[in-house]
Amino acid sequence: MTAAAAVLTAGLLVFHRAVPNSVGRAGSLLESFLPWLGLVAVVLFAAALVRRSAAALVALLLPVTAWTYLFGGLFLPEPRAGARDLVVVQHNVSDENTDPAGTARTLAGAGADLIALEELVPAALPDYRRTLAPRYPYHEVRGTVGLWSRHPLTGARLLDIRPRGIAEPWSRGLRALVSSPHGDLAVYVAHLPSIRVGPGGLVSAHRDESARLLGRALAAEELETVILLGDLNGTVDDRGLAPLTSRMNVAERGFALSFPAGLPLARIDQVMARSAAVRHIRTLSGTGSDHLPVAARITLDRGTRPERRT
């Protein structure tokens, strides 16, 4: 029984794309928590030791190998900083955050070149502007998302990623041009719709549609170098974000689980790039939000195509 469970776990890790999404978005639900299958292997290892089952121990080599192949590289040390690196911060600050000024100070302390924020509400916006202004003289806000920068921003515009069926005011995307010391780059900030897990499985139709709209905008972007920052309400393994992960490079190293802040189970706050490499991603100290902020180091001028998620 333990050996069979080990083989099944390995199969889910390697062939997770084969799990259908037709019923309850089961495939996306599995992929949202895919790294946690490593804990299943740990439990099975303990069971094999208790039962003194040599066959189970041998079978456990399959999920351990599969997990190491998929996620082991994320634990490698952060590469040395380079001359063409940018540091970026991404944070859903929460529309219920009672300490926006303290949150802004935490984010500014990371020493980033760019800071992207979501769930900005009018009452808190002056605190963010005032606190971030000394280090970030340039900023743009569209709807509930904003971008703060050390470098000049131009051409900021609202990005329409609203799914059909959402009638209320809904402005969760912007695109701006950043004049960095290493050349111009297009920066996108997005907050995709939330997903829910209920008796019928994962509810993600609005998130998936918004991801497709964002993917089309990225595909149409004329600038070669693009950075995407946002609360995408999905992990990079979730096939619902395939319109983005198929076009953009994701973080090469670092787990940076960001949600929920009290007991992080998944990273749904993402940093992606085109014609650049996201070398490392990490979490910052908690704020008054239910998300943890993430900081990433991006190396510009990477000429490779995005690596597809397995």
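The values are calculated or read from the model by the stated rules, or taken from the named source; none is laboratory data. Everything quoted here is computed from the prediction, not taken from an experiment. Cβ coordinates were reconstructed from backbone atoms using ideal geometry, including for glycine residues, and neighbour counts include every protein chain displayed. Just so you know, the surface numbers come from the protein's heavy atoms only, side chains and all, with ligands and any DNA or RNA stripped out. Shrake-Rupley method; radii C 1.70, N 1.55, O 1.52, S 1.80 Å.
Quick notes on this one:
- In the range 71-141, the trypsin sites (Lys or Arg not before Pro) that fall in loop regions by DSSP, at most 10 other Cβ within 10 Å: R80
- Here the range 62-129 and the range 213-241 have alpha carbon centers that stand 16 Å from each other.
- Mean accessible surface per residue for the chain, computed with a 1.4 Å probe while every protein chain stays in place, in Å²: 46
- Neighbour count of at most 13 Cβ within 10 Å plus DSSP loop: longest GluC sites (Glu not before Pro)-free window in the chain: 97-221
- Under-5 Å amide H pairs with L284, H placed in peptide plane, nonlocal only: V294, A295
- Overall, the range 78-175 carries a charge dipole of about 400 debye about its Cα centre when +1 sits on the Cβ of Lys and Arg and -1 on the Cβ of Asp and Glu, all other atoms neutral.
- Rolling a 1.4 Å probe over the protein heavy atoms leaves F259 with an accessible area of roughly 70 Å².
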